[in-house]
Amino acid sequence: MGGPAGELRVVVEVLRADFPRARLAIPSDELRPVGGGPRGHRLTALPVPPRP
């Protein structure tokens, strides 16, 4: 499970387990990736609504 894809999978698993009701504040197709260098693509932001 190494590499960026494996790391992302682990993050998703933790978020689903610890925050099952968490949702993005915008549609996923509006997320903007940047980069592509040696560390791969990254998101410019991961918008989540504030907790009430």
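General remarks:
- Couplings for the stretch 28-36, taken from phi via the Karplus curve 6.51 cos²θ - 1.76 cosθ + 1.60 with θ = phi - 60°, read 4, 6, 9, 5, 10, x, 9, x, x Hz in order; Gly and Pro are left as x.
- Fully extended contour minus Cα-Cα distance, from R42 to I26, at 0.36 nm per residue: 4.1 nm
- A simple spin-label model places pseudo-atoms 7 Å from Cα toward Cβ; at E13 and V34 they are separated by 3.0 nm.
Coordinate-derived values only; no laboratory data. None of the values given here were measured: they were computed from a predicted structure. As a convention, Cβ positions derive from the backbone with ideal geometry for all residues, glycine included, and neighbour counts pool all protein chains shown.
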